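Colleague: Take this structure, written in structure tokens, and hold onto it; I'll ask about it next.
The values are calculated or read from the model by the stated rules, or taken from the named source; none is laboratory data. It should be emphasised that the depicted structure is a prediction, and the values quoted were computed from it without experimental measurement. Cβ placement follows ideal geometry from the backbone for every residue including glycine, while neighbour counts extend to all protein chains displayed. SASA here: full protein model, heavy atoms, side chains in, ligands and nucleic acids out. Shrake-Rupley method; radii C 1.70, N 1.55, O 1.52, S 1.80 Å.
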Amino acid sequence: MQSLPLARHSAPPSWRAAWRERWLALRDRLLASRAFQRRAAAFPLTRPIAQRRAGALFDLVAGFVYSQVLLACVQLRLFDLLSQGPLALNDIAQRLDLPAESAERLLAAAVALRLVEARSGGRFGLGELGAPMVGNTAIAAMVEHHRALYADLADPVALLRGQARSAALAGYWPYAGAARPDGLSGDSVAEYSALMAASQPLVCDEILDAYALHGHRCLLDVGGGEGAFLISAAARAPSLRLMLFDLPAVAERARARCAAAGLGARLRIEGGSFLTDPLPKGADIATLVRVIHDHDDAAAMRILDAVRQALSPGGTLLLAEPMAHTPGAESMGDAYFGFYLLAMGKGKPRSAATLQAMLHSAGFQEVRQVPTRMPLQVGLIVARTGLAS
Ligand SMILES: C[S@@+](CC[C@H](N)C(=O)[O-])C[C@H]1O[C@@H](n2cnc3c(N)ncnc32)[C@H](O)[C@@H]1O
């Protein structure tokens, strides 16, 4: 998949671009022609290409059904059941409390989606995409919370026009629409904070493998949620001091989790809003993990500015989140997060280049992208404050 050109108004094309346009117009006419489609499917050399394209288009048409099949498997704990070994249909039906015919239908769908695999003797075991789901509370929590997104996306055109009837995801992330997010109650932040903590394993190792914390003395995690990222960082760098800043109600949850993890004396937690309150000073490294994409440009710049002011001179910022236009992961950055954040009501996925430009204009220096092993899950940009900041 290609990245979108970002120009909003067209400019006269160069001769090279003009030739490409002509070729693309011809290609589009051919691909849209029923006669061409029939010939491509009939001719042995083009048949595999025609079949692949038809399959890819069908996946787009039917993708929401696949997601719901996965949700059913997660809700019924099918992967955990099969992790104990392959089972026969009737045993599965009984353990899932489903009529045998429904279990058969679910298993047929799950086999087709490679979540489950048919095994010898008519039994069913884990498939190659189902096996990684075993005990994976991070992905299971993501799948289950998609209920809200699914409701909001029921009328995507209304959503794009700002006329959606459902605002389930905005309710799930109440800070997105709150005039005073620092006044949110413990109940209203509980569900998203638990999801963030459950899904941290998808990102923390990626970040900490890409950037070694040794050599730093104090880490401030801004918008650090319940502290799951800090707990992983603490395990990697035992002498690092730790600070966390988040909304007061979330900070309260972080206190409980971090105390249970034994971080007590190394850790200081502060509650407030990074849109209006200064951040705690004294850290030589700060992290913004999955924070900036939640905010529109003006608020995002305010957060970057607050981080730069809080860091010691020559301090380091790690900005980590899924990014738009990520080669090979465009469907995640541009399609999934583009619509997710639209439904949430604030923010947008940004490319590494856009984030780097924002960091420069917020006064950061030595801004560079550092590769992570799974850019689908998280991308990483490292920046420094000037020595006189
Ligand atoms: C998407 S979550 C990411 C949490 C955590 N960094 C992680 O990756 O698991 C965004 C975090 O920013 C916090 N946040 C949102 N608005 C805030 C504000 N105005 N001031 C402080 N924290 C805020 C939320 O409470 C939440 O914990």
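Colleague: Can you go through ASP246, ASP296 and tell me which one is at pLDDT 95 or above, surrounded by fewer than 16 Cβ atoms within 10 Å (Cβ to Cβ) and within 14 Å of the ligand (Cβ to nearest atom)?
Modeller: Result: ASP296 is the single residue among ASP246, ASP296 that is at pLDDT 95 or above, surrounded by fewer than 16 Cβ atoms within 10 Å (Cβ to Cβ) and within 14 Å of the ligand (Cβ to nearest atom).
Colleague: Moving on to the next point. How many of the residues making up the range 348-357 are closer than 15 Å to LEU288 by Cβ and either open to solvent by less than 10 Å² (accessible area, probe 1.4 Å) or of a type in the set (A, V, I, L, M, F, W, C) (or both)?
Modeller: Step one: filter the range 348-357 for residues closer than 15 Å to LEU288 by Cβ, giving 349-350, 352, 354-356.
Subsequent filtering for residues that are either open to solvent by less than 10 Å² (accessible area, probe 1.4 Å) or of a type in the set (A, V, I, L, M, F, W, C) (or both) retains 350, 352, 355.
Of the residues in that region, 3 qualify.
Colleague: Okay, next question. For the range 153-167, which residues satisfy the criterion of being surrounded by 15 or more Cβ atoms within 10 Å (Cβ to Cβ) and not hydroxyl-bearing (Ser, Thr, Tyr)? Spell out the reasoning first.
Modeller: Narrowing the range 153-167 to residues surrounded by 15 or more Cβ atoms within 10 Å (Cβ to Cβ): 153, 159, 164, 166-167.
The answer is LEU153, LEU159, ALA164, ALA167.
Colleague: Among the residues of the range 133-183, which ones are aromatic (Phe, Trp, Tyr) and assigned to a helix (DSSP H, G or I)? Let's see the steps before the verdict.
Modeller: Start the filter on the range 133-183 by keeping residues that are aromatic (Phe, Trp, Tyr), which leaves 150, 172-173, 175.
Correct list: TYR150, TYR172, TYR175.
Colleague: With more than 25 Å from ALA286 (Cα to Cα) and not β-branched (Val, Ile, Thr) as the only criterion, which of ALA210, ALA179, ALA190, ALA194 stands out?
Modeller: Values: ALA210 fails: more than 25 Å from ALA286 (Cα to Cα); ALA190 fails: more than 25 Å from ALA286 (Cα to Cα); ALA194 fails: more than 25 Å from ALA286 (Cα to Cα).
Just one listed residue meets the conditions, ALA179.
Colleague: Here's something else I'd like to know. Give the residue, chosen from ASP28, ASP91, that is loosely packed, with under 14 Cβ neighbours inside 10 Å and in a helix (DSSP H, G or I). Show your work before the answer.
Modeller: Details: ASP91 fails: loosely packed, with under 14 Cβ neighbours inside 10 Å.
Being loosely packed, with under 14 Cβ neighbours inside 10 Å and in a helix (DSSP H, G or I) holds for just one of ASP28, ASP91, which is ASP28.
Colleague: Continuing with this model, one more query. Taking the range 215-242, which residues are within 20 Å of PRO313 (Cα to Cα) and open to solvent by 10 Å² or more (accessible area, probe 1.4 Å)?
Modeller: Across the range 215-242, the qualifying residues are GLY215, HIS216, ARG217, ARG241.
Colleague: Further, regarding this structure: Residues of the range 184-200 being more than 10 Å from the ligand (Cβ to nearest atom), more than 22 Å from the chain's Cα centre (by Cα) and in contact (Cβ under 8 Å) with a residue 60 or more places away in the chain, which ones?
Modeller: Passing the criteria: SER185, GLY186.
Colleague: Let me ask another. In the range 326-347, how many are open to solvent by 50 Å² or more (accessible area, probe 1.4 Å) and more than 12 Å from the chain's Cα centre (by Cα)?
Modeller: Result for the range 326-347: 5.
Colleague: Right, next: In the set GLY272, GLY215, GLY282, GLY314, which member is small (Gly, Ala, Ser), within 8 Å of the ligand (Cβ to nearest atom) and more than 23 Å from the chain's Cα centre (by Cα)?
Modeller: Being small (Gly, Ala, Ser), within 8 Å of the ligand (Cβ to nearest atom) and more than 23 Å from the chain's Cα centre (by Cα) holds for just one of GLY272, GLY215, GLY282, GLY314, which is GLY272.
Colleague: Can you find, within the range 347-389, the residue that is nearest to TYR211 (Cα to Cα) among those that are at pLDDT 95 or above and among the basic types (Lys, Arg)?
Modeller: ARG368
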